[in-house]
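Worksheet: the structure to be examined is printed underneath.
The values are calculated or read from the model by the stated rules, or taken from the named source; none is laboratory data. In this text, all values refer to a predicted model and were calculated from it rather than measured experimentally. Neighbour counts are summed over all protein chains in view; Cβ atoms, including those assigned to glycine, are modelled from backbone coordinates with ideal geometry. These area figures cover heavy atoms from the full protein model, side chains too; ligands, DNA and RNA do not enter into them. Shrake-Rupley method; radii C 1.70, N 1.55, O 1.52, S 1.80 Å.
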Amino acid sequence: MAITLSGDQALPGPPLSSRLTPAQVWGIVLIAPYLLVFLAFVVYPVCYGLWLARAPSNYVALYNDPIFARAAVNTLIFLVIGINIKMLIALFLSGFFAVQRPWIRWLSVIFILPWAVPSIPTILSVRFMLNPEWGMVNHLIFSFTGDDGPNWLNDPTVALTMAIAVHIWKSLPFWTLILMTGRLAIAQDLFEAAEVDGASWWQKFRFITWPSMQTLYITCTLLSMIWTLGDFNSVYLLTGGGPADLTHVLSTLGIRYLRLDQLSLAMASIVCAIPFVLPLMYFMMKRLSR
């Protein structure tokens, strides 16, 4: 007896497993753990933090907190001054370490140590050196001049300057290496031709090195700014936000609110960093898409 189906009825399709090739099945199996970890440790914390910071009253409280305004200004100073000084030094040091000499290779090993060593021992060692009573810096000042050294971390301007200096010292080797690879990728024939034409070192840099490295330099600067927004080690380990909470940046201000058991304000202060991050990400992606 034949079974007929009306036009509105359709036979069920084959199961999904039979429509996938073995390579596609293995691809799903291998990518599933990554997706689970990404959802659990990235998507969920971000969404939960945004949910905690959803109340408008949190941002009103931040606006009325003078420490938040000072932290926002310190963050701008950190980004505009600290990052640009760091990248300019890295740009010129990349030319120094690109010279093929044996002693420079040994010097580069010593130069990279601050970046290779973890942040806690390196930054805390600087903090101990700046201690006004038994620090090495004030001890040397007393040995040579007979005068007591200053309390380096007791003045907000000096303390923030020291935090910027520590950040530059800690991350400078990494960006120097990145820019040095860009220098080494430039064809040496261009420099040899410029040498024949009698070009000075500044003319070589202006007309050969900089045009070749401009995109890399700007991209590294933007990426360094994005990373620095989330870096609290330089400030928190060196000054702890002091004195009187005047050296906080946005990344360390959230830690301060957590210590005061104000979780919603901590999340709101971190959300306030988004207006800094999004333009930097936009310009960086725009540079990379060219």
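Here are the numbers for this structure:
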item: Label-point gap, in nm, between Ala32 and Ser108 - each point 7 angstrom along Cα→Cβ; result: 4.6 nm
item: Carbon plus sulfur fraction of accessible area for the chain, probe 1.4 Å, in percent; result: 71 percent
item: Reachable lysines from Lys204, criterion Cα separation under 21 angstrom, eight or more residues apart if same chain; result: none
item: For the stretch 195-265: span of alpha carbons on each principal axis (Å, largest first); result: 67, 23, 14
item: Translational diffusion of the stretch 98-240, µm² s⁻¹ [Kirkwood Rh, Cα pairs; Stokes-Einstein; 4 °C; 1.567 mPa s]; result: 71 µm²/s
item: 5 angstrom amide H check on Gly242, placed H, neighbours 5+ away; result: Thr247
item: Per principal axis, descending, Cα span of the chain in whole Å; result: 113, 64, 30
item: The stretch 35-289: relative contact order in percent, alpha carbon pairs under 8 Å with at least 6 residues between; result: 31 percent
item: P(r) tail fraction, the stretch 119-181 - alpha-carbon pairs more than 18 Å apart, %; result: 46 percent
item: 17 Å Cα-Cα reach of Lys86 towards aspartates and glutamates, excluding residues that sit fewer than 8 places from it in its own chain; result: Asp231
item: Globularity index of the stretch 247-290, i.e. its alpha-carbon radius of gyration over 2.2 N^0.38 Å; result: 1.52
item: Within the chain, helix-based [θ] at 222 nm, where runs of 4 or more DSSP H residues each add -39,500 (n - 2.57), nearest 500; result: -21500 deg cm²/dmol
